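Just so it is clear, none of the values below were taken in a lab; they were calculated from the coordinates. None of these values were measured; they are calculated from a predicted model. All Cβ positions, glycine included, derive from the backbone under ideal geometry; neighbour counts span all protein chains shown.
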Amino acid sequence: MWRDALLVAGKDLRVEARSRVTTNQVAPYALVVLLLFGFAFNQDRYVLTHVGPGLFWIAVLLCALLAVQRSFSLESADGARDGLRLSGLDGGGIFLGKAMAIAAQLAVLEVILALGVVVLFGTRMADPLLLVVTCALATAGLAAAGTVYGVMAAGLRVRETLLPLLLLPVLAPVLLGATQAWLAAIGLATGSGWRWLTLLAAFAAIYLTLGVLAFGTLLEEA
Amino acid sequence: MTLSSRRSSTSSRATRIVGGFTLLGVVALLVLGLVVSPPDPIQGETVRLIYVHPASATMCYVGFGICALASIAYLWPRTRNMRWDRLAGASAEVGVAFCVACLVSGSIWGRYSWGVWWTWDARLTLTALLLVVFLGYLALRRTGGDPAGRAKRAAITALCCFIVVPIDHEATNWWVTLHQKDTLFRIGKAPLIQGWQLGTMLLSFVVFALLFTWMLLHRLSVEHMEARLEDEGYVWAVAERRAEGSAGDEAVLPAGGPRPGPVVTAVPAAGPPPLGTGTMSRTRREEGR
């Protein structure tokens, strides 16, 4: 399964590296979202500093949506999805591979967005270890849930409008947990930020398990 | 059985019986809730919302619970049957209706008790989340395509959505929330209300359960009819076109002799379709979905 996962992840990342959609389109889009947040909050430094972690994770969620849509639209042309079905690769392996590729892209986007909120909003980056672990767990959850819902919507004509409706509410716990962990890290929330990691880890574990078990069936029906 | 002989109404003996009891129950609940039961010394008249709100929330959970169980039954290879899929869809839809009733009644109560229509409390937020995830589930069910594939996707999604239900139910125990804790079912303790208030509240659960059943039965009939329409709509359309072609041919025929035309006798015994007024109306309804 892991060998299949690495094959699929390598394939998706090679396509991205050649098409440069993430770097040329999604990353600039993420920065546009940050600028719009700045306009929406009237460039108020105090407000932006305090809501920076939440805005960061909303921007990550929006980027995750694009990354998931992109990951499955790649295979909609030229019968590529049929090729994937007929390849004999393990369903769980395909799921893990696609999730890993999405997670890798999200990790790059998170670095760019983190720089953005520090520079534009003046949000502090205290307790780097907590922030890195939060990002790792949240990204795993986002990629896993995104891949499960992405394949559900992949073969549908209404996938562009249906996917945000399906995926964004489901990702709410990640938004909540990751934002609270970051707020606690910079001293804007009471209690330890580490306790929120339990929620993020549980979310990632549930969707990784579900994806490994159900992805093959969902891909057959996509 | 010919197509035309099947019933075209969602009503049945079961819905009429359950509907009759529901109507009686609603009347009794209105009398007890609005006239007989006394106002609360602290909350005043707003306490009467307790005869709507907890029962709506319970039926919302029941609806989503049936949806999850029916989805498991569909996914289980030994029990796989499209009837489970229809039951899951129907119960989720009715559950969504009760979830909206729960949120609206809670919001009205919150306005008079807390001074705001909405507060970002764990129970309220999770219930709103529950509503939107099941709205997403219903949207996914309406995407068309191969019924078996659609049913599998929907069943897996229903199980993902159902994860929110136990978290929502336990929210008042796990977090410090503005929403009050359980009034009736407290482990090892007596209910917080007594007398007419307790009796009326218990009756509200019975009446809402009847209302839920009545709505579910009707919704299931609609699901069965929609499935029939998908299965047999093409046959009806072909039969009607052939019948029209045959009538047109006869209209231009000189008196006395039929001429070779479409083979009307090969058409299944299909009379006027029980749903809609003709093929065009059915086609438009399909497109609108």
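If R0 is 60 Å, the Cβ-Cβ spacing of residue A:43 and residue B:244 corresponds to a FRET efficiency of close to 0.30.
Projecting the Cα positions of A:87, A:67, A:26 onto the charge dipole of the stretch A:12-114 (unit charges on Cβ atoms of Lys, Arg, Asp and Glu, taken about the Cα centre) puts A:26 furthest along the positive direction.
Sorting B:37, A:76, B:246, B:9 by the number of Cβ atoms found within 10 Å of their own Cβ, with the fewest placed first, yields B:9, A:76, B:246, B:37. Would the protein assembly as shown count as rounded, prolate or oblate if I go by the C-alpha gyration tensor, calling it rounded below 1.5 in a/c and otherwise prolate when a/b exceeds b/c, oblate otherwise? Here the protein assembly as shown falls in the oblate category.
Computed from label points 7 Å out along Cα-Cβ, the spacing between residue A:7 and residue B:80 is 2.5 nm. Taking K and R as +1 and D and E as -1, what net charge do the other residues with C-beta under 11 Å from the C-beta of residue B:39 add up to? Overall, the nearby charge balance is -1. Once the Cβ-Cβ distance of residue B:30 and residue B:228 is raised to the sixth power relative to R0 = 51 Å, the FRET efficiency obtained is 0.85.
Computed about the Cα centre, the dipole magnitude for chain A is approximately 240 debye when only Lys and Arg (+1) and Asp and Glu (-1) carry charge, each at its Cβ. Among the trypsin sites (Lys or Arg not before Pro) found in the stretch A:145-212, those both in a DSSP coil and sparsely packed, with 16 or fewer other Cβ atoms within 10 Å of their Cβ, are A:157. Put in line by how crowded their Cβ is, counting other Cβ atoms within 10 Å and starting with the fewest, B:240, A:16 read B:240, A:16. Taken about its Cα centre, the protein assembly as shown carries a charge dipole of about 400 debye when Lys and Arg each add +1 at the Cβ and Asp and Glu each add -1 at the Cβ. Counting neighbouring beta carbons within 10 Å and listing from fewest to most, the residues A:160, B:223 come out as A:160, B:223. Extension gain, residue A:32 to residue A:15, is 3.7 nm, computed as 0.36 nm per intervening residue step minus the present C-alpha separation.
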